[in-house]
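Take a look at the structure set out below.
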Amino acid sequence: IRGKRTHYQLYQGKNPILHTKVKQGKTDELYITSGTETHFKDGNYKAVFLSANHNTTFSLREKTSIGKELMIIRYLPGGDNEPRNVTVHFNDFAGHPMDFQNRKARLTSHNLWILDLRGRLALKSIKNCIVVDENNEEVMIVLKAEVDTLNIEAREEITDIEVMAMGLSAFLCKK
């Protein structure tokens, strides 16, 4: 009667922080709440995560789908069989816009794309991504740890909601 649900949970260490769920594959509007449960009728949302363009463009909004835009994430196809590109836009604490891109993978002599994870362990996946600033310094790292688990490291000025949005976008974007 209720259909299939997929739950997404953000943990810091072993503590659950944020939660959302997808009902029957409907990913165009996800409601993010604190804790371990999301109840649609409560309406007590910290943010709403919107997707467009076949799950390649994402917008994080404050509390409602028409709330203040907190973050934009775009996945763009790479050229000539290159891995996809990611752009991330959000404002810092003072409201100044910040734009970031993924660190580019390099093509080896064996015609394989390699992303230098600097000693971090991850499963081979299109979801692996290192978001860097204009000085090539790491802002956020998304690594596939298990089939249904991502490890995300972020600078301390990146909010939990923004980390959750980055993880959701990595899971939902299939291109």
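The values are calculated or read from the model by the stated rules, or taken from the named source; none is laboratory data. Treat the numbers as computed from the prediction; the structure is a model and nothing was measured. Reconstructed Cβ throughout: ideal geometry from the backbone, glycine too, with neighbour counts over all protein chains shown. When the accessible area is computed, the model is the full protein with side chains, heavy atoms only, and any ligands, DNA or RNA have been set aside. Shrake-Rupley method; radii C 1.70, N 1.55, O 1.52, S 1.80 Å.
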Tabulated pairs, the stretch 41-55, first in a loop (DSSP other than H, G, I, E, B), second small (Gly, Ala, Ser), C-beta under 8 angstrom, 6+ apart or interchain: Lys46/Ser34
Spot the failing condition for Met71; the list is (1) farther than 22 Å from Val142 by Cβ; (2) buried (at least 16 other Cβ atoms within 10 Å of the Cβ), and only one is missed. (1)
Kindly indicate the residue of the stretch 121-152 that is open to solvent by less than 80 Å² (accessible area, probe 1.4 Å), charged (D, E, K, R) and assigned to a strand (DSSP E or B) and also nearest to Ile73 (Cα to Cα) among those meeting that condition. Glu138
Whether any residue in the stretch 90-103 is out of contact with any Ser or Thr (no Cβ under 8 Å at 6 or more places or on another chain), assigned to a loop (DSSP other than H, G, I, E, B), at negative phi and of a type in the set (S, T, N, Q) is what I want to check. no
Scanning the stretch 153-175 for residues that are outside any loop (DSSP other than H, G, I, E, B) and either in contact (Cβ under 8 Å) with a residue 60 or more places away in the chain or out of contact with any strand residue (DSSP E or B) (no Cβ under 7 Å at 6 or more places or on another chain) (or both) gives Asp160, Ile161, Glu162, Val163, Met164, Ala165, Met166, Gly167, Leu168, Ser169, Phe171, Leu172
In this structure, does Val163 turn out to be modelled with pLDDT of 90 or more, more than 23 Å from Asp80 (Cα to Cα) and in contact with a Cys (Cβ under 8 Å, 6 or more places away or on another chain)? no
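Let's see how each residue does on (1) within 11 Å of the chain's Cα centre (by Cα); (2) among the acidic types (Asp, Glu); (3) over 16 Å from His89 (Cβ atoms):
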site: Lys127; (1), (2), (3): yes, no, yes
site: Val139; (1), (2), (3): no, no, no
site: Val147; (1), (2), (3): no, no, yes
site: Ile152; (1), (2), (3): yes, no, yes
site: Ala165; (1), (2), (3): yes, no, no
Just to be sure, is Ser109 at pLDDT 90 or above and either of a type in the set (S, T, N, Q) or in a strand (DSSP E or B) (or both)? no
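How many residues are at positive phi and among the polar types (S, T, N, Q) when one looks only at the stretch 104-134?
Residues meeting the conditions: 1.
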Name the residue, out of Thr57, Thr6, Thr64, that is surrounded by fewer than 18 Cβ atoms within 10 Å (Cβ to Cβ) and either under 22 Å from Thr87 (Cβ atoms) or hydrophobic (A, V, I, L, M, F, W, C) (or both). Thr57
So Gly78 fits all but one of (1) under 23 Å from Lys23 (Cα atoms); (2) more than 12 Å from the chain's Cα centre (by Cα); (3) open to solvent by less than 50 Å² (accessible area, probe 1.4 Å); what number is the exception? (1)
So, of the residues in the stretch 10-40 that are among the basic types (Lys, Arg) and not in a loop (DSSP other than H, G, I, E, B), which turns out to be surrounded by the fewest Cβ atoms within 10 Å (Cβ to Cβ)? Lys23
